[in-house]
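Please read the structure below before turning to the comments.
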Amino acid sequence: MNNFTPVDVITGSRLHFGLICGTPETRWVFGGFAMMLRNPGWHLRLQVSRSGPEIVCSDHGVTRRILDVLARLRQLPGCDEPGIRIEVLRPSRLHAGLGAGTQLALAVARGLEVMFHAHAARSPAELAEILGRSSRSAAGTWGFFRGGYLVDYGIPTAGISERTVLQLPVPESWRFVVVWPKHGAGLSGECEHAFFEQRRTMSAEVVSELADQIQNRLIPAIRRQDFAMYARAVEEYGRAIGRFYAPAQGDVFSHPGIGRLADRLQAAGIHGTAQSSWGPGICIPACSITQASRIQSVIEQQPDVQDYELLVTEALNHGATVRSPAPEPAGWVRA
């Protein structure tokens, strides 16, 4: 058997505050505003085995996803030679609006590339295409490789040769409270595909409003570390874009209980609550650990708190971590 050393891959999660469904004339065709969080995230360990593929995971749905990724990756150098053993040491959350499917697929692919010493064998865009990712949003792919806040200007239109994604570092002191219902999942799979197959587009006025929020409020607020401006802007952006998706997901927030919680937080003077993707997960930003603890306390005092799961995390300002003890690549490698 070839002497390949194990590789660990540790990812974050992607928040996406809603796709802008613009037209070639208004631009922002599947563009939008997103960011990467440190938690929850995947931790995978990849190594060769005498038989395979061998997936060590208690969740059969995750196992199926990994096997599908391996089937798509047979064209990568060396992938067919030994058996593969993939152990899920820490799972993320699927169908919660956190982009876990894309992070899992890229983690498997990048881990195999490093294990078989196929460094930078494929660009992020090429790898995403092989994996069936980034057909609409590119935020999850860019986030896996770069982290931070991400402004995705959408699928290139006439006169633009390639997709543009702006990456901004998240202020180190900021924290994020992520909440999702214990029961319920966001739109995904065939239902999500059917929605976008309808080719619904936003009016020029809505696209202009969302683009203005990104360009003139969100980006300046992050660059100046103006938390109050950021919190107000991301809340308004989330509610504006939620109104467009409400006919498909039921309301501005896809889960009724989460919608009520968002209204209570706003009434308590806590701003910034926004749904990620189709939800049902939401994120509330905090300017510090102290404020994050206060937000957590307010949520834990709600009468229906037993219906939610909650965590406080920081942003991920770099790409997924790929770790191998092999001499080449050496030490810690960041994707």
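No lab work stands behind these numbers, since they all come straight from the coordinates. The structure displayed is predicted, hence computed values, not measured ones. Every residue, glycine as well, gets a Cβ built from its backbone with ideal geometry; the counts of neighbours run over all protein chains shown.
Taking a ≥ b ≥ c as the square roots of the Cα gyration tensor eigenvalues, region 175-313 comes out oblate, since a/c reaches at least 1.5 and a/b does not exceed b/c.
Residue separation times 0.36 nm, minus the C-alpha to C-alpha distance between Gln198 and Ser173: what's the value?
Numbers: separation 25, 0.36 × 25 = 9.00 nm, distance 4.17 nm.
Fully extending the segment from Gln198 to Ser173 adds 4.8 nm.
Based on the Cβ-Cβ distance of Glu54 and Arg294, what FRET efficiency does E = 1/(1 + (r/R0)^6) give at R0 = 56 Å, to the nearest 0.05?
Details: r = 46 Å, r/R0 = 0.82.
E(calc), rounded to 0.05, equals 0.75.
Compute the angle between helix 100-115 and the longest alpha-carbon principal axis of the chain, please, reported from 0 to 90 degrees and rounded to the nearest 10. With rounding to tens, the tilt is 30 degrees.
Across the chain, C-alpha contacts under 8 Å between residues 6 or more apart give a mean separation that, scaled by the residue count, equals a relative contact order of 26 percent. Against the empirical 2.2 N^0.38 Å (N residues), region 258-325 has a Cα radius of gyration ratio of 1.32. Between helix 256-267 and the chain there is an angle of about 60 degrees, using the helix long axis and the longest principal axis of the Cα atoms. For the chain, a simple Cβ point-charge model (Lys and Arg +1, Asp and Glu -1, everything else neutral) yields a dipole of about 340 debye relative to the Cα centre.
Fewest to most neighbouring Cβ within 10 Å: what's the order for Tyr308, Tyr153? Please list the in-between numbers first.
Working: Tyr308 19, Tyr153 22.
Ranked by crowding around the Cβ, least crowded first: Tyr308, Tyr153.
The computed Cα extents along the principal axes in Å for the structure shown corresponds, within (i) 62, 50, 38; (ii) 67, 45, 36; (iii) 61, 61, 36, to (i).
Compared with the dominant Cα axis of the chain, that is its longest principal axis, helix 204-213 is turned about 80°. Within region 1-76, which trypsin sites (Lys or Arg not before Pro) sit in a loop by DSSP and count at most 15 neighbouring Cβ atoms inside 10 Å? Answer by residue number: Arg50, Arg74.
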